[in-house]
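What follows is one structure encoded as C-alpha cells, with my remarks underneath.
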Number of protein chains: 2
Amino acid sequence: MSGSVIAIDLGGTNIRAAIVGRDGDILRRASMPTDSADGHLAVVDRMVRLIGDVGAEADIQVPVGIASPGPLDPRTGTILYTPNLPGWRDVPLVDLVSRATGRRIALQNDGNCGALGEADFGSARGVDNLVYLALGTGIGGGVISSGVLVDGARGLGAEVGHVVIAMDGPRCTCGSVGCLEAFASGWAIRRDAELVATTADGDRMTELAGGGELHAGVVAAAADSGDPAANAIMRRAGRALGAAIGAFTNIFNPSNVVVGGGVAGVGETLMQHARETMPQHSFVDMRRDLTVTYSSLGADTGLLGAAALAFREFSSETR
Amino acid sequence: MSGSVIAIDLGGTNIRAAIVGRDGDILRRASMPTDSADGHLAVVDRMVRLIGDVGAEADIQVPVGIASPGPLDPRTGTILYTPNLPGWRDVPLVDLVSRATGRRIALQNDGNCGALGEADFGSARGVDNLVYLALGTGIGGGVISSGVLVDGARGLGAEVGHVVIAMDGPRCTCGSVGCLEAFASGWAIRRDAELVATTADGDRMTELAGGGELHAGVVAAAADSGDPAANAIMRRAGRALGAAIGAFTNIFNPSNVVVGGGVAGVGETLMQHARETMPQHSFVDMRRDLTVTYSSLGADTGLLGAAALAFREFSSETR
C-alpha cells in the first residue's frame, strides 16, 4: 500500500477515516461518532482505532493527515479551542495521535484542507492560485498562493468568512462587525428569514411566515418560486458573497475560486447574485481569467483535503 | 562589487537608481526625470543610462531589480499599462532593458517591491508574514506569506487598496465600489474635504473652508487642532483603514503590518482611528501577536524594494 496516506476528517458529529491513493481514490473508509462529550482523550482513542482499522495493512511509514475544526496551530499540532468540539483547549492532537500510532501526523484546519483537496483532487486540480470558500452554518475556507497554503505566522490565517464586507454591517458570531459570514452563511440567512417571518403580516405576505424550519434551502426554494422576501434575503447574501469574491480576486489574483458547503448546494440563486455583484468589486484584468466553480468533492472534501495535506507534508515517504 | 545589486525605482516623475549592498546600504545613487511624454523607448534609454552610471564598476553578473507602477506581469516582464506612465501599453520592459545592458533584470510593481523592501531591509526585517500598505494619492502595497510574495496567477495580486470595505460605499477611481482607497487615500480625503469646503456655511464652521489647498496633510493638521469637520474626515478614513487592516489580519495572520506613503506621514490621527477600529474586524488570537508600524524606509522604499527583489530573484549570483 505504498503511494497512499491515511486521512482523518474530524468533525463535531463524526470522525471519518480513509486510506487515500495518489489520485484521490478512496481505497477503504470507516467512521465513528465523535461524541466529544466524553473528553478529548476519548475522541483521540476513537481516532486511533479508526487509523488502525483503515490502516491495518498499511506500513508504519504511511503518514496521517488530519482535517480538524480550528482555530489550531498546524506548526505545533495543537487545537487551540474550537466551538465544534466543546471543552477542547490547547489539545496537542498531533503528539497524542503520533504517540499512539507511531505514525507521522500532519494537522490543518478543515478550511485549509478543503483548499488543498480542491487543488490536488477537486475542481481546481493542478491549480497553484485558488480560493476555497466553504459556505455552511458558518463560512470557512482556505487559500493557496503560488502553490503554498496561506496560513500566516501562526497558521491561523485564511479566515475567509471573517473579512469585512460592510464596516457598519451586522454583528458576526465571531465578535466582529460586517463579516462575509454575517451576510452569506447559513445562520445569517436563517436570521434574516426569522426576522421576516416574525414581522410579516400573516403568511400571505411570504412563504417564510408559514411556521416551518427556516434553513437556507427553504429560503432558496422560496426565492426560486418567486417569494419577494426570500429573494431579497438571497440577494443580500449573494451580493455579499460576490463582494467578497471580488476582494479575494483583487488580493490573490487566483485562477480559481471554488465554492462548497451546504449553503452552496441550495441552488443557483445565491451564486447568480454573487456573479452579478463580483465585477463591481474587482479589476477586469484579474476577473477575466478567473473561473468560479462549485466544489466537486462534496462530503469528502475534508477527507480528501486531509489526504492532500499528508501527501504534501510527507511527500518523500509517499512518493 | 560582489554581493550587491542595481536597483531602479521607476516613478511617474523621476527614475531613481542605486547600487545596493546585502544589508540595504546604498553605495551609489543617481536619478533623472522620467519625462514619459517622450514615449517608453526614451524612458528605457534613460533607465539604461542610469544603470550604466551607478553600475559603471559593477560586474556584468550584477543583476538589476526594477520597481515600477503597475499593473504589470512580472513573469513576462511586461508593463500592461499604468496611469502613472501615460501611453504605455504592453511594454516588454525586462526584454528592452536586458538587451540594452546585458544584465539579468527582475520586475515587480512598486507595492510588491515595498513589501519585499520592508521584509528584507525595513521595519519588518526578517519577517515572513507581513502586509505592506502604501497610503499615497492612491493606495498600493504588497503581501508576503510564508516568505513568498503573494502575487497570484498572473502576478497582478495584492491590490490591497482595492478590497471592499463597504459594499454600498463610494465609487473608487478603479471603477469598483467601496474600496479601501475610496475612503483612506489622499484623493478620498481631498474629495471629502472639498465637499465640506463647498458646503460649509462660511469659514467659521471649519478651517477647511478657508480656500487653501486641501491635501491630506492640511486636513490632518486641522483635525489635530480640533476642527470637527476635519476630524470627521480623518475618522472616516482611519476607520476604513482599521477595518482593512482587520480583514488582512484575518486573511494573512501576519506578524507585521507596515504602513507607509505620504498619507501615513501626516500625523498620528489617521493611525489612531485605525488602531481603534481594527479590533472590531479581527480575531483576538491573530491581532494579539500583530505589530503595526510605520515604514522606516521613507522615500527609498521603492529603491530598496527593487534591490530586495533582485537579491531574491538572483540569489545564486549575488551571494
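Since every read-out is calculated from the coordinates, none of them should be taken as a lab result. Everything quoted here is computed from the prediction, not taken from an experiment. FYI the Cβ positions are ideal-geometry reconstructions off the backbone, even for glycines, and counts take in every protein chain you see.
In Å and on Cα atoms, what radius of gyration and Dmax does segment B:111-226 show?
When restricted to Cα atoms, segment B:111-226 yields Rg and Dmax of 17.5, 54 Å.
Nearest 10 degrees is fine. How inclined is helix A:40-54 to the longest principal axis of chain A, computing both from alpha carbons?
70 degrees
Let me understand segment A:25-95 better: what is its radius of gyration from the alpha carbons, and its Dmax, in angstrom?
In Å, with Rg to one decimal and Dmax whole: 13.0, 35.
For the protein assembly as shown, what proportion of DSSP beta bridges, expressed in % and rounded to the nearest 5, is antiparallel?
60 percent
Which distances in nm, rounded to one decimal and ordered from shortest, link the label point of A:GLY147 to the equivalent label points in the other identical copies, with labels set 7 Å from Cα toward Cβ?
The answer, with the shortest distance listed first, is 1.4 nm.
Hey, for A:GLY12 with labels 7 Å out along Cα-Cβ, what do the inter-copy distances come to in nm, ordered shortest first?
5.0
Just want to confirm a number: the relative contact order over chain B, from Cα pairs under 8 angstrom separated by 6+ residues, in percent.
20 percent.
Which values, in whole Å and largest first, are the semi-axes of the equivalent ellipsoid of segment B:114-161 obtained as the square root of 5 times each eigenvalue of the Cα gyration tensor?
17, 15, 7
Using 1/(1 + (r/R0)^6) with R0 = 30 angstrom and r between the beta carbons of A:ASP35 and A:GLN61, what's the FRET efficiency to the nearest 0.05?
It comes out at approximately 0.45.
Which of rounded, prolate or oblate describes segment B:1-137 when judged by the alpha-carbon gyration tensor and an a/c cut-off of 1.5?
Oblate is the answer for segment B:1-137, as a/c is 1.5 or above yet b/c matches or exceeds a/b.
Can you work out the PRE-style zone for B:GLU194? Point 7 Å along Cα to Cβ, and I want the residues of segment B:166-182 with backbone N under 20 Å.
Label zone hits: B:169-182.
Rg/Rh for segment A:204-256 to two decimals, with Rh computed the Kirkwood way over all alpha-carbon pairs.
We get a ratio of 1.18 for segment A:204-256.
Once you put a point 7 Å from the Cα of A:MET205 and another 7 Å from the Cα of B:GLU268, both along the Cβ direction, what distance in nm separates them?
5.1 nm
Long-range amide H contacts for A:GLY136: which residues qualify at under 5 Å (H placed 1.01 Å from N, peptide plane, sequence gap of 5 or more or a different chain)?
So A:GLY136 has HN proximity to A:GLY186, A:VAL263.
Scattering from the C-alpha atoms of the protein assembly as shown alone, worked out with Debye: what is log10 I(q)/I(0) at q = 0.06, 0.07, 0.09, 0.10 1/Å?
For the protein assembly as shown at q = 0.06, 0.07, 0.09, 0.10 Å⁻¹, log10 I(q)/I(0) is -0.36, -0.48, -0.78, -0.94.
When a footprinting reagent is the concern and you count Cβ atoms within 10 Å, what order do B:SER315, A:SER4 take, fewest first?
In increasing order of surrounding Cβ atoms, one gets B:SER315, A:SER4.
What are the label-to-label distances in nm, one decimal and shortest first, from B:GLY298 to the same spot in the other copies, with labels 7 Å along Cα to Cβ?
Here B:GLY298 shows inter-copy label distances of 6.3 nm.
Out of the DSSP beta bridges found with both residues in chain B, what percent are antiparallel (nearest 5)?
If we restrict to bridges inside chain B, about 60 percent are antiparallel.
Which of rounded, prolate, oblate describes segment B:85-129, given a ≥ b ≥ c as roots of the alpha-carbon gyration tensor eigenvalues and a/c under 1.5 marking rounded, otherwise prolate only if a/b is larger than b/c?
It comes out oblate by the Cα gyration axes.
Along each of the three principal axes of the Cα atoms of segment A:198-289, give the extent in whole Å, ordering the values from largest to smallest.
48, 23, 19
With n ≥ 4 as the cut-off for DSSP H runs, can you work out [θ] at 222 nm for chain A, using -39500 (n - 2.57) per run divided by the number of residues, rounded to the nearest 500?
After summing the helix terms and dividing by the residues of chain A, the value is -11000 deg cm²/dmol.
May I ask you to list the residues of segment A:116-159 whose amide nitrogen lies under 17 Å from a point 7 Å from Cα along the Cα→beta-carbon direction of B:ASP289?
A:149-159
Return, ordered by residue number, the residues of segment A:6-33 whose backbone nitrogen is under 18 Å from a label point located 7 Å along Cα→Cβ of A:ARG125.
In segment A:6-33, the label zone of A:ARG125 (backbone N under 18 Å from the point 7 Å along Cα→Cβ) covers A:20-27.
Report, in degrees rounded to the nearest 10, the 0 to 90 angle that the Cα long axis of helix B:186-199 makes with the longest principal axis of chain B.
For helix B:186-199, the angle is close to 30 degrees.
Averaged across A:280-288, how many Cβ atoms of other chains sit within 10 Å of each residue's Cβ atom?
Mean partner-chain Cβ count within 10 Å for A:280-288: 6.
Assign unit charges at the C-beta atoms only (+1 for Lys and Arg, -1 for Asp and Glu), then state the dipole size of segment A:100-206 relative to its Cα centre in Debye, rounded to the nearest 20.
It comes to approximately 340 debye.
What span do the alpha-carbon atoms of chain B cover on each of the three principal axes, reported in whole Å from largest to smallest?
Principal-axis extents of the Cα atoms in chain B, largest first: 63, 47, 33 Å.
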